[in-house]
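Below: the structure, in structure tokens.
The values are calculated or read from the model by the stated rules, or taken from the named source; none is laboratory data. These numbers come from a predicted model, not from an experiment. Quick reminder, even Gly has a Cβ in these numbers, built from the backbone with ideal geometry, and neighbours come from all protein chains shown.
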């Protein structure tokens, strides 16, 4: 499976199941991590000021409104700090939106003018906000930008995606689609080794592209401890596929060969990898949990959609392209109908949450 061409969120064309319309979980995570983002901008600006053109990149931007939510936080944070500290503000913002080539960049570009106009109106700019938005298709596990060209890098819910399915899995993870309690140690090791390789490359590439003392804020799903591999939503997906097998709709060999290219690191694993790669200093690390269904009772009543159905659509928005590339498009509706049923059963016992890690990093001066 060539993940560079396969891995992407559901596009805007798939309206009911699109990532743009089913990314409330990711939006809530961005809002919860805003304090770290704001504090990082304040620290950078207070220490170094801002250049005439402030260059920033959002890595793994996807195609929904969340990309512009993060950019709004960054640009507003810069403006607020300059007013508070009477600093000279940037006269231009160069904004790079990065994702893999099959991301729905056209959907982003269609709403970009409205985003800039809203930003200008809300902040009372006397003249047009000189912001230049560019799309950068490509894997962030490769070089994407010229040397020492970026002041600020942001990424939310992207770096836990791997560059490839871990090697040497074969049929060792039978019945599972990710790390599970029943996964043998060799599968755990294969997943960690792939993440270690990818995250090290990610840091190394950014260290070349960022200016000395440039800042980076990353938010990703993590684990509460090194030994906790509990991932309820992936367990539910595995059960849904097993249902399809029992009904004679999918073949066992196809299920056993399907593994999701994700890794949720622990805090200690992230700390160790940042230290061993050595291009960045780790300034701050925060953790928090979020519910997958953030709606209140009125919203649930108005939508007429159960929590199980709601969560199933969130999962479908980011996992359907992967599933379809492996199993074909025929059974996507059936898989997620079963996913909704299993989710409803799970919710009768406990909430479904994600454990999130936010890290703030500074590029060291002694790396080129």
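Of all residues in segment 321-336, those that are more than 25 Å from the chain's Cα centre (by Cα), free of Cβ contacts under 8 Å to residues at least 60 places away in the same chain and in a helix (DSSP H, G or I) total 0.
Every listed requirement among (1) touching a helix residue (DSSP H, G or I) at 6+ places or on another chain (Cβ under 6 Å); (2) surrounded by 18 or more Cβ atoms within 10 Å (Cβ to Cβ); (3) under 21 Å from residue 243 (Cα atoms) is met by residue 344 save one, (2). Test residue 300 against the criterion of being within 30 Å of residue 208 (Cβ to Cβ), out of contact with any strand residue (DSSP E or B) (no Cβ under 6 Å at 6 or more places or on another chain), surrounded by 14 or more Cβ atoms within 10 Å (Cβ to Cβ) and at pLDDT below 90, and give yes or no. No; evaluated as a whole, the condition is false for this residue. Kindly indicate whether residue 317 is under 20 Å from residue 220 (Cα atoms) and either modelled with pLDDT under 85 or surrounded by 15 or more Cβ atoms within 10 Å (Cβ to Cβ) (or both). Criteria met by residue 317. If we scan segment 341-348, do we find a residue that is touching a strand residue (DSSP E or B) at 6+ places or on another chain (Cβ under 7 Å), in contact (Cβ under 8 Å) with a residue 24 or more places away in the chain and closer than 26 Å to residue 222 by Cβ? Scanning segment 341-348, I find no residue that is touching a strand residue (DSSP E or B) at 6+ places or on another chain (Cβ under 7 Å), in contact (Cβ under 8 Å) with a residue 24 or more places away in the chain and closer than 26 Å to residue 222 by Cβ, so the answer is no.
Is it fair to say residue 185 is farther than 30 Å from residue 49 by Cβ, out of contact with any strand residue (DSSP E or B) (no Cβ under 9 Å at 6 or more places or on another chain) and surrounded by fewer than 18 Cβ atoms within 10 Å (Cβ to Cβ)? For residue 185, the condition - farther than 30 Å from residue 49 by Cβ, out of contact with any strand residue (DSSP E or B) (no Cβ under 9 Å at 6 or more places or on another chain) and surrounded by fewer than 18 Cβ atoms within 10 Å (Cβ to Cβ) - is met. Among the residues of segment 209-226, just one is surrounded by fewer than 17 Cβ atoms within 10 Å (Cβ to Cβ), touching a residue at least 60 places away in the same chain (Cβ under 8 Å) and outside any strand (DSSP E or B), namely 224. Based on this model, can you work out whether residue 96 counts as under 21 Å from residue 139 (Cβ atoms) and modelled with pLDDT of 85 or more? It is true that residue 96 is under 21 Å from residue 139 (Cβ atoms) and modelled with pLDDT of 85 or more.
Residue count for segment 143-168, restricted to those that are farther than 20 Å from residue 233 by Cβ and either over 19 Å from the mean Cα position of the chain (by Cα) or part of a loop (DSSP other than H, G, I, E, B) (or both): 13. Just one of the listed residues (284, 295) is in contact (Cβ under 8 Å) with a residue 40 or more places away in the chain, surrounded by fewer than 18 Cβ atoms within 10 Å (Cβ to Cβ) and in a loop (DSSP other than H, G, I, E, B), namely 295.
Within segment 116-138, the set of residues being under 28 Å from residue 8 (Cα atoms) and at pLDDT 80 or above comprises 131, 132, 133, 134, 135, 136, 137, 138. Scanning segment 130-142 for residues that are in contact with a strand residue (DSSP E or B) (Cβ under 9 Å, 6 or more places away or on another chain), farther than 29 Å from residue 288 by Cβ, in contact (Cβ under 8 Å) with a residue 40 or more places away in the chain and not in a strand (DSSP E or B) turns up just one, 138.
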